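The values are calculated or read from the model by the stated rules, or taken from the named source; none is laboratory data. Everything numeric here is computed off the predicted structure, so don't read it as measured data. Here Cβ is always computed from backbone atoms with ideal geometry, including for glycine, and neighbour counts include all displayed protein chains. Remember, those area values only see protein heavy atoms, side chains included, never the ligands or the DNA or RNA. Shrake-Rupley method; radii C 1.70, N 1.55, O 1.52, S 1.80 Å.
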Amino acid sequence: MGAYMSERNQVTDKQFLGVRQAFRLLEQFQKAVNSIVYYVRDCSVYKKEHKNKDNIYAVVWYENVTTRPTGKNRDFAVATVKIDRDKWGWSYLPCYFVEHVLGDESIDVNYCLRFSIFQVSDDGSFVSEDNEKYEGDWHFTSDFRPAEESESWLIFSVDLYAVNKEPKLWLRKSPQNETKYPDDAQYDFVNEFIINQAEIEYAKTQFARNGEVDEVFVIKKYKMTEFSGREGIDAVIKDFARLMHKASHGKNIFKF
């Protein structure tokens, strides 16, 4: 009996050692993501007087968008966490899918910028072969696609719109989706975007009657491995800037 209990305790000790190591690894990982988010914002054209304000926050989504009922106005952003520039990562440990809101504000006299970076640390639930059977329920981790076959992503999502307009393209393929359950259209779009494991991109531009850009929406997903080091992050920013420049017919949201 004593030998059995000793062996059992050793197994338990090893398991909890793994738990402690995992928490510390996740804390380091989230601090690294926070640094990337702030760096991207620093490279943007948000007005200078806002640069050092703590106006970046993270919307933590605890529920898989594939399981969300179609009820209108249901709030699935169940928690928000303000991101200080040097904030520790512990606040994010419960998260699985997070939207980092960089800001929604005017950048000049003509346009407002809405910019988010979605953090998908593990798309195993979205791309699971059992996704349909369990409707993407995050509780069944055993039914996720294996970790070796899953990916980790950062998704850049930008809406540039005229100051006298309300944005209609944000996370939507068509502004007509505004007329019926706008929240459903947003979540459906995000879910569809994540399920596709390719580094896909989407852009849509609307023009005013005078031919000026009225609104442009651009979204692209990048593997987290692309953000390795300063050169990697800069390359991603330049790639997204190129997409935005093309879709908006010459407008820039970054300094380079």
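Annotations
- For the pair Lys31 and Glu201 in one chain, pulling the backbone fully straight at 0.36 nm per residue adds 58.6 nm over the alpha carbon distance.
- Peptide packing for 18-28, 115-125, 144-154 was compared via the average number of neighbouring C-beta atoms within 10 Å per residue; ordered from the highest value, the list is 115-125, 144-154, 18-28.
- Per residue value of the accessible surface for the stretch 196-256 (all protein chains in place, 1.4 Å probe), Å²: 55
- Of Lys165/Lys246; Lys47/Lys82; Lys31/Lys223; Lys220/Lys255; Lys221/Lys251; Lys31/Lys204, those spanning more than 26 Å from alpha-carbon to alpha-carbon: Lys31/Lys204
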